[in-house]
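Everything below concerns the one structure shown next.
The values are calculated or read from the model by the stated rules, or taken from the named source; none is laboratory data. Model, not experiment: these values are computed from the prediction. Using ideal geometry, Cβ is built from the backbone for each residue, glycine included, and neighbour counts are taken over all protein chains shown.
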Amino acid sequence: MERTVISLKPEPPYSFNLTAAYATVFRGRYGGDVFENGLYQRLLDTGECLCLAHVRASGTADSPLLNVELFRPSLDGTTVARVREQISWLLGIGRDIRPFYQMALNDRALAPLIQKLWGLHIPHTASVYEALVQAILGQQISAHVARKLRMRLIEIYGSTLEVSGIVYHSFPRPDALVDAGVDGLRALGFSTRKSEYIIDISRKVTSGQLDLESLHAFTDEEAIHTLTGLRGVGPWTAQWLLIRALGRDDGFPHDDLALCRVLGQLLNKGKPFQPEEAREYSSRWSPYRSYVTAYLFAAMRSGYAFPSV
């Protein structure tokens, strides 16, 4: 097993601990992402090979540095460059959050969140496909059940790489889920309808009928239109994909019940916003609503007590 060490310099301010914790929804593990004891781990699938990445941080939020160890049976310069790019995307290190901070620090509701979560960048999924499958998987079920389903999906159908006696799993490729079929997903605990949605999308991706990565070149409106044209994908899912899969600055899932609840805690004396109220109020934060959404969820998941404004 070959080992290569590289360094990455994120755009400051950058908190590795907060960003990696957000990637795992502050639970230590989410899908293929693991963050425990200051170590972020991910089995990367470049499409041509698998490579295990171990990432730790040094420096400070205002002068950050990431130290990355790569493990792979064979590593050439092209692979290392591809992996470097993928890690940078996953951990959001190339984004400049200072324009968002300039806006948010002048907002009475947001300023305390920025101070508490200084340096949080939005992490991304490795692919649009991964984000889409995970979003469909999590629709209308508890976070606890969704977590179990994600782990089963990855452990049964993900590609594997053994490093130092430990077997690591990557997120399943579309062809692996096509082979699993509806019955294979139902055997893991998926509903029939969700299984059908995921297999239908996987077939379209595998056949070339659907190129999800091409959405990166679309406008927000075009991407939403394309995504909501797929079975099982509504506006809520499309907005979350703008944020986590496409890296857009202004996604806002206004009909997310948790988001409406936390906005009510922050702005409405504890009374949840209605979805249309949330969308209307959020217009003052455009074009940085993706960051507002991420910071609100990060605060909620890390146990922040929201003072009513």
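Please pick out the residue among Tyr14, Tyr22, Tyr30 that is crowded, with 19+ Cβ neighbours inside 10 Å, hydroxyl-bearing (Ser, Thr, Tyr) and either touching a strand residue (DSSP E or B) at 6+ places or on another chain (Cβ under 7 Å) or on the phi > 0 side of the Ramachandran plot (or both). Can you show your working first?
On the way: Tyr22 fails: either touching a strand residue (DSSP E or B) at 6+ places or on another chain (Cβ under 7 Å) or on the phi > 0 side of the Ramachandran plot (or both); Tyr30 fails: either touching a strand residue (DSSP E or B) at 6+ places or on another chain (Cβ under 7 Å) or on the phi > 0 side of the Ramachandran plot (or both).
Tyr14 is the lone residue from the list that is crowded, with 19+ Cβ neighbours inside 10 Å, hydroxyl-bearing (Ser, Thr, Tyr) and either touching a strand residue (DSSP E or B) at 6+ places or on another chain (Cβ under 7 Å) or on the phi > 0 side of the Ramachandran plot (or both).
Every residue, every condition in (1) of a type in the set (Ser, Thr, Tyr); (2) within 26 Å of Ala20 (Cα to Cα); (3) assigned to a loop (DSSP other than H, G, I, E, B); (4) at pLDDT below 95, yes or no:
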residue	(1), (2), (3), (4)
Lys271	no, no, yes, yes
Glu276	no, no, no, no
Tyr281	yes, no, no, no
Arg284	no, no, no, no
Pro287	no, yes, yes, no
Val292	no, yes, no, no
Tyr295	yes, yes, no, no
Met300	no, yes, no, yes
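From the list Ser74, Ser63, pick out the single residue that is at pLDDT below 95 and hydroxyl-bearing (Ser, Thr, Tyr). Give the derivation first.
Numbers: Ser63 fails: at pLDDT below 95.
After applying the criteria, what remains is Ser74.
Of (1) in contact with a Pro (Cβ under 9 Å, 6 or more places away or on another chain); (2) assigned to a loop (DSSP other than H, G, I, E, B), Ile243 satisfies all except one. Which?
So Ile243 meets the others, but not (2).
Got at least one residue in segment 81-88 being without any contact (Cβ under 8 Å) to a residue 12 or more places away in the chain, more than 18 Å from the chain's Cα centre (by Cα) and in the same structural domain as Arg42 (by TED's automatic domain parsing)?
Checked segment 81-88: at least one residue is without any contact (Cβ under 8 Å) to a residue 12 or more places away in the chain, more than 18 Å from the chain's Cα centre (by Cα) and in the same structural domain as Arg42 (by TED's automatic domain parsing).
Got a sec? Which of Pro287, Pro307 is over 16 Å from the mean Cα position of the chain (by Cα), exposed (fewer than 14 other Cβ atoms within 10 Å of the Cβ) and touching a residue at least 40 places away in the same chain (Cβ under 8 Å)?
Working: Pro287 fails: touching a residue at least 40 places away in the same chain (Cβ under 8 Å).
On inspection, the qualifying residue turns out to be Pro307.
Do the conditions hold for Val68, that is, is it over 22 Å from Arg150 (Cα atoms) and either in a helix (DSSP H, G or I) or assigned by TED's automatic domain parsing to the domain that holds Gly138 (or both)? Don't jump to the end; show me each part of the working.
On the way: over 22 Å from Arg150 (Cα atoms): yes; either in a helix (DSSP H, G or I) or assigned by TED's automatic domain parsing to the domain that holds Gly138 (or both): no.
No, not satisfied.
Does segment 246-255 contain any residue that is at pLDDT below 95, farther than 30 Å from Ile87 by Cβ and of a type outside the set (Asp, Glu)?
To start, the set of residues in segment 246-255 that are at pLDDT below 95 comprises 255.
Filter once more, keeping what is farther than 30 Å from Ile87 by Cβ: 255.
Restricting the remaining residues to those that are of a type outside the set (Asp, Glu) gives none.
No, segment 246-255 contains no residue that is at pLDDT below 95, farther than 30 Å from Ile87 by Cβ and of a type outside the set (Asp, Glu).
Counting only residues that are hydrophobic (A, V, I, L, M, F, W, C) and outside any helix (DSSP H, G or I), how many does segment 171-229 have? First the steps, then the outcome.
First pass over segment 171-229, keeping only residues hydrophobic (A, V, I, L, M, F, W, C): 171, 176-178, 180, 182, 185, 187-188, 190, 198-199, 201, 205, 210, 212, 215, 217-218, 223-224, 227.
Applying the additional criterion that residues be outside any helix (DSSP H, G or I) yields 171, 190, 210, 218.
Qualifying residue count for the region: 4.
Residue-wise test of (1) in contact (Cβ under 8 Å) with a residue 24 or more places away in the chain; (2) under 29 Å from Tyr157 (Cα atoms); (3) touching a His at 6+ places or on another chain (Cβ under 8 Å).
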{"site": "Lys9", "(1), (2), (3)": "yes, no, no"}
{"site": "Tyr14", "(1), (2), (3)": "yes, no, yes"}
{"site": "Thr24", "(1), (2), (3)": "no, yes, no"}
{"site": "Arg29", "(1), (2), (3)": "yes, yes, no"}
{"site": "Asp33", "(1), (2), (3)": "yes, yes, no"}
{"site": "Asn37", "(1), (2), (3)": "no, yes, no"}
{"site": "Leu44", "(1), (2), (3)": "yes, yes, no"}
{"site": "Ala53", "(1), (2), (3)": "yes, yes, no"}
{"site": "Asp62", "(1), (2), (3)": "yes, no, no"}
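Pairs only if they're at least six apart or on different chains, beta carbon under 6 angstrom, first in segment 212-225 and over 15 Å from Ser127 (Cα atoms), second modelled with pLDDT of 95 or more and among the basic types (Lys, Arg); list them, first residue then second.
Asp220/Arg248
Gln274 - would you say it is of a type outside the set (Lys, Arg), farther than 20 Å from Val25 by Cα and in contact (Cβ under 8 Å) with a residue 24 or more places away in the chain?
Working: of a type outside the set (Lys, Arg): yes; farther than 20 Å from Val25 by Cα: yes; in contact (Cβ under 8 Å) with a residue 24 or more places away in the chain: no.
So Gln274 fails the test.
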